[in-house]
Amino acid sequence: MRLILAALPAFASALPSPDFNSLWYDQGLFGAYPSRDYVSFDLSSPRVNILSWSTQCDPGHIFLEPRGRSVAKPGPMILDAEGNLVYMEEKFGEAMDFRPQTYKGEDYLTFWSGTDDGTHGRGSYYMLNSSYHVARVVNPTNGLEGDLHEFEITPNGTALMSIYEIIPADLSSVGGPKEGWIYDGLFQELDIETGEALFEWRASSFYNVSDSFAPLKKKGKSKDDAWDYFHINSVDKGSDGNYYISSRYMHTITCIGPDGQVRWKLGGHDSDFTDLSHGAASNFSWQHHMRYFEKDTLTIFDNGAYDKNFYTADYSRGLYIQLDLANMTATLLADYVSPAHILAHSQGSVQFLDNGNAFVGWGHSAAFTEFKRSGEVLCDMHFGSSAFFGWGWIKSYRAFKGNWVGRPTWSPSIARRKSKVYVSWNGATEVKKWTLQAASDTDGNFTDVSTVDKVGFESSFNLAGKPGHFLRAAALDKNGEVLGYSQVLDSRMGQLVDGPFSPMTDDDLVFLQFLLGLLACGTLGLIVWNVYPSLRLRRFKRF
Ligand SMILES: *[C@@H]1O[C@H](CO)[C@@H](O)[C@H](O)[C@H]1NC(C)=O
Ligand SMILES: *[C@@H]1O[C@H](CO)[C@@H](O)[C@H](O)[C@H]1NC(C)=O
């Protein structure tokens, strides 16, 4: 039994990561969420299955926030372009919309964290600096709380954020109570430095409940069970000063002027545009993540489905659309369809990368795909088994790709297992090599033992040559400069010197079990020795 238990993790980590075109992976043979464990790092990260690969894909980092039933420790996560772990953190809990953004010339990692009820959230927006410290926490004003869907930093140092507020509404036109309740869809633009609100807009001033495509489902009768009739899920601002928002339940993109008035609507019940693509540029439904670009082009993630049983399209699409505002026409320039024809009934994102490619996150399904701008698939990766996509046990609200330089202030990690020493450094993006160093005492001079290239998240050294009593690892950058040293490992004890108590090694455990067994046998012997004669005595007494 012990042998089998010990062999299992060894087998799992011996499997290659990433997987390439693994049929077993997508058949679910490794479970819904195949993951990798590390020796020098406590959390496990997803193994990815690479179904398509191209050198034309952006070499940058991938930003995800895996969560769901199969994800024990949700939180923000960075992978490299091949799907190896770079950074993950559990202390924030569930995160949404995790990505790098620029504020006043500095790069930050931004995300939402708080409590969510599955479709919207109440929380705050976090900005981590390049050493992963919380540099700022941003909240909406007017006593409102930040919703999970959007936190977009503009080039002017302002932030756009989505907000949900429960307000009374007459729902008699949709078969609900006259004195009913709705979730209103709001957004604010805030000055990040001062926290001052510069702009606020609310859907209920412009959109009627009767225009909603969302089923009422007996909701709206009480304040605790308000009906989400609009569902704002993205906010963007153009260089023209207009705001662009996506409403999932109206199936519309709305342009709002700086005066707060609606300029135009694309999609939904009364689109202001003639669709020159026979519907393909404006028949999107239940969509997410709209972004507006120069020359009136935009991208949308068109889910095409409300839930598992209620869908309008056969599969979800990323859309690239051209508007002509003089003639009020819309044309589809390209669409992005998953090779697996994923129909993601919630979440999802489309991002244009610096190299011109389009990067699509499939939201409810644990997958992302990089396309040529024209729509050709370049790289296609799963971070959960496609056999389970329908269940949404692993999802990432959005997925992004981009550049990030992380310089953690914590030191690299080192740990021994059997005859190997393992090293890793959560969040460090500039490590190219690891050098193992040894010394005969902790105060002694460390000398280099061997150097290995950093491959993936964790690297290892073989201890077969018995290099020395005290060991540490140096992380080197591309010029061979030391970026940081790990704590010192007492290689005989398998523990960090002055470190926190670490779990015992397998050898220690075997010895401990032997001791416990000896102790148990001794105790049993003593009991028998003492109790049995007395029982005999009592029996004698009865006679
Ligand atoms: C990040 O923030 C922490 C805490 O405020 C600070 O100590 C650190 O110097 C900052 N790092 C950078 C690169 O600004
Ligand atoms: C949208 O329009 C395109 C082009 O006419 C069509 O192929 C597609 O089926 C339509 N989708 C839906 C969901 O109506």
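Within segment 461-482, restricting attention to residues that are surrounded by fewer than 18 Cβ atoms within 10 Å (Cβ to Cβ) and outside any loop (DSSP other than H, G, I, E, B), the residue that is modelled with the highest pLDDT is Val482. Here Ile182, Ile163 are screened, and the one residue that is under 23 Å from Lys237 (Cβ atoms) and open to solvent by less than 10 Å² (accessible area, probe 1.4 Å) is Ile163. Exactly one residue out of Gly241, Gly267 is of a type outside the set (Asp, Glu), away from ligand 1 (no atom under 16 Å from the Cβ), without any contact (Cβ under 8 Å) to a residue 24 or more places away in the chain and more than 25 Å from Ala169 (Cβ to Cβ): that is Gly241.
Applying the condition of being open to solvent by 40 Å² or more (accessible area, probe 1.4 Å) and over 25 Å from the mean Cα position of the chain (by Cα) to segment 315-324 and asking which residue is nearest to ligand 2 (Cβ to nearest atom) yields Gln322.
Which of the residues that make up segment 16-44 are open to solvent by 30 Å² or more (accessible area, probe 1.4 Å) and in contact with a Pro (Cβ under 8 Å, 6 or more places away or on another chain)? Tyr33, Ser35, Arg36, Asp37 - these are the residues of segment 16-44 that are open to solvent by 30 Å² or more (accessible area, probe 1.4 Å) and in contact with a Pro (Cβ under 8 Å, 6 or more places away or on another chain).
Between His289, His278, His269, His231, the distinction of being touching a helix residue (DSSP H, G or I) at 6+ places or on another chain (Cβ under 6 Å) and assigned by TED's automatic domain parsing to the domain that holds Asn156 belongs to His269 only.
If we keep just the residues of segment 287-314 that are within 10 Å of ligand 2 (Cβ to nearest atom) and part of a loop (DSSP other than H, G, I, E, B), which is least open to solvent (accessible area, probe 1.4 Å)?
Looking at residues that are within 10 Å of ligand 2 (Cβ to nearest atom) and part of a loop (DSSP other than H, G, I, E, B), I get Gly304.
Residue-level check: of (1) in a strand (DSSP E or B); (2) open to solvent by 30 Å² or more (accessible area, probe 1.4 Å); (3) at pLDDT 95 or above, Arg69 misses just (1). Here segment 149-160 is the region considered, the condition is being open to solvent by 10 Å² or more (accessible area, probe 1.4 Å) and under 20 Å from the mean Cα position of the chain (by Cα), and the residue that is nearest to ligand 1 (Cβ to nearest atom) is Ile153.
Being on the phi < 0 side of the Ramachandran plot and either of a type in the set (A, V, I, L, M, F, W, C) or crowded, with 22+ Cβ neighbours inside 10 Å (or both) is a description that applies to Glu370.
If you check Asp58 against the conditions, is it of a type in the set (Asp, Glu), under 30 Å from Arg416 (Cβ atoms) and either within 16 Å of ligand 1 (Cβ to nearest atom) or open to solvent by less than 40 Å² (accessible area, probe 1.4 Å) (or both)?
Criteria not met by Asp58.
A count restricted to segment 261-286 and to residues that are within 14 Å of ligand 2 (Cβ to nearest atom) and either open to solvent by 20 Å² or more (accessible area, probe 1.4 Å) or in contact with a Ser or Thr (Cβ under 7 Å, 6 or more places away or on another chain) (or both) stands at 15. Pairs meeting the criteria (first residue in segment 444-462 and not assigned by TED's automatic domain parsing to the domain that holds Ser424, second residue open to solvent by less than 50 Å² (accessible area, probe 1.4 Å), beta carbons under 9 Å, at least 6 apart or on different chains) are lacking.
Filtered by the rule that a residue be within 20 Å of Asn426 (Cβ to Cβ) and of a type in the set (Phe, Trp, Tyr), segment 370-409 gives Phe383, Phe400, Trp404. Val337 satisfies every condition listed in (1) surrounded by fewer than 24 Cβ atoms within 10 Å (Cβ to Cβ); (2) away from ligand 2 (no atom under 16 Å from the Cβ); (3) without any contact (Cβ under 8 Å) to a residue 40 or more places away in the chain except (2).
The values are calculated or read from the model by the stated rules, or taken from the named source; none is laboratory data. The model shown is predicted, which means the values in this text are computed figures rather than measured ones. Counting neighbours? That spans all protein chains shown, and the Cβs are built from the backbone with ideal geometry, glycine included. Accessible surface is based on the protein model in full, side chains and every heavy atom, while ligands, DNA and RNA are left aside. Shrake-Rupley method; radii C 1.70, N 1.55, O 1.52, S 1.80 Å.
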